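The values are calculated or read from the model by the stated rules, or taken from the named source; none is laboratory data. From a predicted model like this one, the values you see are computed outputs, not experimental measurements. No Cβ is skipped: glycine too gets one built from the backbone with ideal geometry, and neighbour counts run over all protein chains shown. Calculation scope for accessible area: heavy atoms of the full protein, side chains included, ligands and nucleic acids excluded. Shrake-Rupley method; radii C 1.70, N 1.55, O 1.52, S 1.80 Å.
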Amino acid sequence: MSQHDRYRPQVHFTPPANWMNDPNGCLVHNGVYHLFYQYHPGSLQWGPMHWGHATSTDLLHWTHQPVALYPDPQLGMAFSGSAINDRENVSGLFDDEHGLLAFYTAHRDSPDGQDALQQQCLAVSYDQGQTWIPYEGNPVVPNPGVKDFRDPKVFFHTPSQHWVMVVVAGQQVHFYRSGNLRDWQFSGTFGKYQGHDSVVWECPDLLELSDEQGNRHWVLFVSGVTPADEPFPPMQYFVGHFDGHTFTETQPHSDVNRVDAGADFYAAQSFHGTVDHDGRSIWIAWANHWTYANDTPADSWRGLMSLPRELSLVTRHGQLCLRQQVVREFTARLTEAVRHVGSGRWMLPVPNNAQWFQLSIPATTRNTIQFVLNNIDGDRLCLQWQPELKTLTLDRTGIASSAFHERFNQPCQVDLSTAMTDEIGLEVCLIVDRCSAEVFALNGQVAMTCQLFPEQPFDRAELIADDNVFVDQAHLKD
Ligand code: FRU
């Protein structure tokens with residue numbers, strides 16, 4: 001491994017070089033998953049946004065493709081958006097029935113901010129997503145007089161037989177409808193002022209997810225830039241009803257419904273077409289945090305995606321809650337697990353490969369449990385369970401490079417007391433792939449995602465726990 005690639009994960013998507021942020025245009029088409037992403041091909045810093053592009057058949061191994069969208073001299077940068085397959089050629093832009101369309105925000109900057117403008121545009125691909133041509137009639141949704149108006153997510157609403165565009169406008173979500181994917185009519189809003197001038201909603205997604213009985217419910221997701229006094233930015237969700245025009249929340253809640261309790265999970269986007277493909281709802285997120293994203297340790301590339309996750313809902317105390325599970329393509333490629341019982345230390349056989357651990361903690365456990373990964377440099381990642389407080393903590397502050405930013409150098413913690421029932425023990429899954437750690441607890445009801453930059457891969461593990469606690473350990477095959 002070259003020094004330049006010292007943090008490069010085995011299966012988490014990273015750009016070939018330079019800066020990456022949000023996933024864009026996620027879709028499956030003819031059995032191929034397409035992942036586009038916010039990309040600055042000329043720098044390790046955020047800048048003039050392009051859409052980078054990669055393809056995969058297993059959601060784990062990605063092939064880099066040529067840049068898909070470029071900044072436009074008049075309309076501006078290509079900000080985030082989505083892509084769909086215009087199967088029936090309702091747009092009339094194709095000769096056959098296999099046209100792909102991308103919807104994105106054109107962001108025009110101006111030095112004094114006076115002429116800054118965000119509007120929704122369309123690009124067309126005639127060659128299965130390889131190359132993209134901006135539509136002549138852009139913008140398809142002009143700016144309605146809102147400074148922050150961006151990140152269109154487009155999907156087909158079967159009950160009303162219309163295409164829907166979900167887009168953020170300040171601290172609201174706006175809905176548009178279209179029969180031909182080119183002309184869009186405003187149809188409703190969701191959300192009200194959240195009380196923080198600094199909060200701008202970003203990257204909305206709206207999809208129907210199944211609960212454990214197979215009933216489908218609409219869930220609206222937004223990312224939001226953090227007010228300065230909160231520790232990490234929430235991606236949040238709302239459960240409700242979508243009638244094809246607007247979304248209504250049906251499940252009241254006092255706290256924010258957080259998607260991920262970690263520091264680094266943002267702008268997640270679901271893949272268009274997966275439900276028709278194999279019945280799953282799958283999404284992927286930018287595993288990063290705007291506060292320090294431009295400063296993370298990097299040599300030649302910066303930014304990574306989360307592992308793709310399958311989404312569903314579970315009922316907890318009468319409330320529908322989000323469940324995220326790593327796609328089965330990942331678990332299917334794990335080696336046979338080896339079990340370690342009670343306190344002990346051991347070496348990890350293939351430290352460069354993605355590592356999978358599952359801690360099994362009986363309900364009777366009273367003592368604090370620590371599971372620690374470390375390396376020869378003394379970098380230390382600690383996953384801790386405190387049974388009395390019912391808190392699960394992922395602590396990256398023992399990794400020397402974490403000191404690069406005060407906000408990065410903090411543990412992530414989640415309180416499981418309302419989610420857990422006392423009689424049942426706890427299973428916690430930890431996946432570490434070089435510069436990333438993802439924790440899943442309560443069968444995916446809780447997720448916690450963090451970046452990490454240890455100088456060497458972690459090659460040793462230590463469990464500090466009672467004798468009835470064990471860890472199953474496996475790694476991803478090459
Ligand atoms: C979210 C975001 C989007 C925007 C893009 C710009 O991370 O701020 O709202 O379209 O990044 O790169």
Exercise. Return the sequence-ordered ³J(HN,Hα) values of the stretch 391-401 in whole Hz as given by the Karplus equation 6.51 cos²θ - 1.76 cosθ + 1.60 applied to θ = phi - 60°, using x for Gly and Pro.
Key: 10, 10, 10, 10, 10, 9, 6, x, 9, 3, 5
Quiz item: So, in nm, how far is label Ala403 from label Ser300 when the simple model puts each one 7 Å beyond its Cα toward the Cβ?
Solution: 2.9 nm
Quiz item: When the chain is fully extended, how far beyond the present Cα-Cα distance does Ser254 get from Gln410, taking 0.36 nm per residue of separation?
Solution: 53.6 nm
Quiz prompt | Normalised contact order of the stretch 1-98, rounded percent, pairs of Cα under 8 Å and 6 or more residues apart | solution = 22 percent
Quiz item: Given a 1.4 Å probe and the protein chains all in place, what does the accessible area of Glu462 round to, in Å² to the nearest 10?
Solution: 40 Å²
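Quick one: length gained pulling Ser43 to Gln386 fully straight, 0.36 nm per residue minus the C-alpha distance?
Contour length minus Cα-Cα distance gives 119.2 nm.
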Self-check item: Within straight-line cross-link reach of Lys192, aspartates and glutamates at Cα separation under 13 Å, skipping those fewer than 8 residues along the same chain
Solution: Glu249
Quiz item: Which trypsin sites (Lys or Arg not before Pro) does the stretch 65-153 hold that lie in a coil by DSSP with at most 16 other beta carbons within 10 Å?
Solution: Arg87, Lys147
Practice problem: Could you tell me the distance between the Cα centroids of the stretch 272-295 and the stretch 357-387, to the nearest Å? | Solution: 28 Å
Quiz item: Expressed as a whole percentage, what fraction of the accessible surface of the stretch 3-328 belongs to carbon and sulfur atoms when a 1.4 Å probe is rolled over the protein heavy atoms?
Solution: 48 percent
Exercise. In nm, give the distance between the simple-model label positions of Asp278 and Gln456, each being 7 Å from the Cα along the Cα-to-Cβ direction.
Key: 3.8 nm
Practice problem: Write down, largest first, the equivalent ellipsoid semi-axes of the stretch 335-475 in whole Å, where each equals the square root of 5 times an eigenvalue of the alpha-carbon gyration tensor. | Solution: 23, 18, 13
Quiz prompt | the chain: calculated mean residue ellipticity at 222 nm from DSSP helix runs of at least 4, using -39500 (n - 2.57) | solution = -500 deg cm²/dmol
Quiz prompt | Inter-part distance where the stretch 300-335 and the stretch 401-469 are each reduced to a Cα centre, Å | solution = 15 Å
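With a 1.4 Å probe and all protein chains left in place, how much accessible area per residue does the chain have, in Å²?
39 Å²
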Quiz item: Quick one: if the Förster radius is 51 Å, what FRET efficiency do Asp109 and Asp478 give, using the C-beta to C-beta distance and rounding to 0.05?
Solution: 0.70
Quiz item: Which of the GluC sites (Glu not before Pro) found in the stretch 301-378 are loop residues per DSSP with 16 or fewer other Cβ atoms within 10 Å of their Cβ?
Solution: Glu336
Quiz prompt | Cα centroid of the stretch 1-65 to Cα centroid of the stretch 148-177, whole Å | solution = 25 Å
Quiz item: Around Ala285, what is the net charge, scoring Lys/Arg as +1 and Asp/Glu as -1 over all other residues with Cβ under 9 Å from its Cβ?
Solution: -2
Self-check item: Percent of alpha-carbon pairs separated by more than 33 Å within the stretch 3-328
Solution: 19 percent
Practice problem: Output the relative contact order of the chain, whole-number percent, from Cα pairs under 8 angstrom with separation of 6+ residues. | Solution: 14 percent
Quiz item: How many percent of the accessible area of the stretch 335-475 is carbon or sulfur, using a 1.4 Å probe?
Solution: 48 percent
